[in-house]
Each structure stands twice: as structure tokens, then as C-alpha cells.
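Shown next, in C-alpha cells, is the structure this report addresses.
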Amino acid sequence: MYKDWSRRPFSPNQRIIADFIQRNEQRVLYMTEQEMADELGLSIASVSRFWKAVGYKHAKEFKNRLRFRFESTPSVKMQDAIERANDNSLPQTLLDICCHHLEETRRHLKDEILQQAVNALSTARHIYIYSPGPCAGLAELMMYRMARFGLQLKKMAPSGHELLETLMHVDNRDAILIFGFVQLLPESDVILDYAREAGYQVILITDRLVYPKSQEADIVLYAGRGEVWEFHSMVGPMYVIENLILGVGLASRDNSIRKLDKLQQLRARYGNRLPRN
């Protein structure tokens with residue numbers, strides 16, 4: 001959709017509009033031309049002329065295309081990935097995409113915010129993880145690695161009333177980590193809503209710079225996965241998770257090393273009597 005925008009001979013005002021749209025896609029869907037003009041300090045005529053400059057008849061046609069992308073199916077995403085690879089080397093194409101996601105993630109991953117998340121996880125009595133769909137693997141890795149430090153972690157049910165069986169036990173001594181990708185799920189909404197009453201901390205990892213109700217989370221960590229219509233890579237979220245794992249390990253360095261030394265002693269003692277999984 002934006003593939004050729006960088007090559008178009010935009011005027012300075014059109015460049016401002018193009019940049020604003022790419023950074024605020026979800027907002028643009030619901031903004032009038034007058035609201036865009038006011039926010040950018042441009043005339044409404046400049047905004048109205050922009051659509052034809054990028055190949056659309058008017059704002060409505062552009063928004064329809066944008067809305068289609070937000071509602072993209074897995075097949076649309078796979079087709080986009082195939083078209084991007086085209087005749088190029090698939091490994092090189094994927095490497096370029098992953099590097100872009102990592103660079104974008106690092107740009108938005110503020111050290112002080114990451115440290116707040118590390119502190120919240122390190123001091124929590126229990127850490128609960130809500131990881132629906134493809135995020136399940138990230139949760140398993142996080143639980144496997146952090147459990148070595150002696151932390152108490154528990155996965156929450158991915159959907160439905162079963163989530164409440166866990167939520168009823170969470171209080172102000174605990175933290176819940178939510179993976180919130182693309183859209184706000186009803187379960188995430190409930191976790192955020194109940195936090196006000198129960199007092200637990202919420203850490204949200206999201207791939208959207210503008211995510212519904214993100215202001216209700218205590219800590220928000222951005223992980224780039226590409227645009228909504230693209231095949232989503234997990235390299236960005238994995239980078240965030242590994243930062244959290246190492247950060248928690250460093251937060252209590254002596255205890256972490258002691259736990260890992262104990263693990264190694266057990267491996268040396270019993271390793272030849274147990275199969276490696």
C-alpha cells in the first residue's frame with residue numbers, strides 16, 4: 001500500500017501527510033479531513049488533494065483499502081510475504097525483514113521502561129502470563145528460563161470463563177504479563193479492567209504503537225512484528241522476552257548464579273541416568 005510512496009514526487013505538505021498516515025493508521029480511519037488538517041497545521045484543500053496524489057479518488061476509497069488491510073486473513077498475509085520475496089533470495093528477504101523489526105523494536109524499547117518491567121517481575125509473588133494463539137511459545141520459553149531463578153510463573157487460560165479460575169487468585173502482590181497483538185481481546189480487556197480493583201501490575205507487550213486501553217496497563221513494551229496485513233515475525237517479541245529474562249537474572253545476580261550452579265550440580269550427578277528431552 002505504501003510501497004511506492006518513497007519514490008513519489010511529493011510536495012513538502014504531502015510528505016507531512018504521508019508520514020502522519022503511516023504513523024497513525026488506526027487514528028486516520030476515524031479522522032475527518034478537517035481534523036487531519038487541523039492537527040498538521042495544513043489547509044483542508046492540501047489534505048483533499050493528497051488522496052489523488054497517491055492513487056485514490058478520495059479519502060473514503062483510501063480508508064476502505066486501509067480497513068481491508070486491518071481485516072486481512074492469514075491467506076492475505078501469506079500472499080503478501082510471497083510477493084515480497086518474489087525472485088529474491090528468501091533467506092535474505094526474511095533476514096532483511098527481521099532486521100527491520102528488531103531495529104524498530106529497539107527504537108521504541110526505552111531502557112527505563114524495560115527496567116520497570118524487570119523490577120515488577122523480580123518482585124512479584126507470582127507472575128501470570130496471558131499468551132493467546134501464537135504467543136504460547138513465547139510464554140513457554142519465558143516460564144522455562146525464569147523458573148530457573150526460583151520465580152513462580154503460571155500461564156492463564158487463553159480464552160473463555162476458564163481465565164477467571166486463575167484471575168480470582170491474583171492480587172496486589174502479583175504481576176500479569178499480557179501479549180496484546182493486533183487487537184484487544186475480551187480476555188485482555190477483562191484483565192485490564194479487574195486490575196483497578198485487585199491492584200496487580202499489568203505489563204503489556206504489544207505490536208501496536210496505538211493499542212486500545214494501553215493506558216490502563218502499568219508498563220507497555222513495544223515489539224515490532226510488521227504491519228497488520230503482513231506475515232508476522234516473532235523476532236521482535238522474542239527480543240523483548242530475552243531482555244526480560246536476562247534483566248531478571250541480573251536483578252538478583254547472586255541468587256540467579258546460585259540457582260544455575262545448583263542445576264549444573266544436579267545435571268552432573270544425575271545426567272547420565274536421565275534421558276535428554
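The values are calculated or read from the model by the stated rules, or taken from the named source; none is laboratory data. Please read all numbers here as calculations on a predicted model, not as lab measurements. Cβ placement follows ideal geometry from the backbone for every residue including glycine, while neighbour counts extend to all protein chains displayed. In case anyone asks, the SASA skips ligands and DNA or RNA and just uses the protein heavy atoms, side chains included. Shrake-Rupley method; radii C 1.70, N 1.55, O 1.52, S 1.80 Å.
Summed over segment 135-148, residues that are within 26 Å of ARG258 (Cβ to Cβ) and either open to solvent by less than 30 Å² (accessible area, probe 1.4 Å) or not charged (D, E, K, R) (or both) total 7.
Let's see how each residue does on (1) β-branched (Val, Ile, Thr); (2) under 20 Å from LEU138 (Cα atoms):
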site	(1), (2)
ALA157	no, yes
GLU162	no, no
LEU167	no, no
ALA175	no, yes
PHE181	no, yes
ILE203	yes, yes
PRO212	no, no
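Where residues in segment 198-216 are in contact with a strand residue (DSSP E or B) (Cβ under 9 Å, 6 or more places away or on another chain) and modelled with pLDDT of 95 or more, which of them is most open to solvent (accessible area, probe 1.4 Å)? Residue satisfying both the conditions and the ranking: GLN201.
Helices (runs of 4 or more DSSP H) fully within segment 1-52 that include at least 1 residues being farther than 18 Å from LYS63 by Cα and open to solvent by 40 Å² or more (accessible area, probe 1.4 Å): 12-23, 33-40.
All of ALA175, ALA195 fail the test of being on the phi < 0 side of the Ramachandran plot, in the same structural domain as VAL220 (by the TED database), surrounded by 15 or more Cβ atoms within 10 Å (Cβ to Cβ) and touching a residue at least 24 places away in the same chain (Cβ under 8 Å), apart from ALA175. Those strands (runs of 3 or more DSSP E) of segment 164-230 in which at least 2 residues are of a type in the set (S, T, N, Q), considering only elements entirely within it, cover 201-206.
For the structure I just gave you, tell me whether LEU151 is closer than 21 Å to ARG173 by Cα and either surrounded by 17 or more Cβ atoms within 10 Å (Cβ to Cβ) or hydroxyl-bearing (Ser, Thr, Tyr) (or both). Answer is yes for this residue. Restricting ARG267, ARG196, ARG225, ARG253 to residues that are under 29 Å from HIS169 (Cβ atoms) and of a type outside the set (A, V, I, L, M, F, W, C) narrows the list to ARG196. Here is a check on your reading of the model: is ILE178 closer than 25 Å to VAL235 by Cα and within 18 Å of the chain's Cα centre (by Cα)? Judged against the criteria, ILE178 is a match. Candidates in segment 155-172 are the residues that are open to solvent by less than 100 Å² (accessible area, probe 1.4 Å) and among the charged types (D, E, K, R); of these, the one that is nearest to TYR194 (Cα to Cα) is ASP171.
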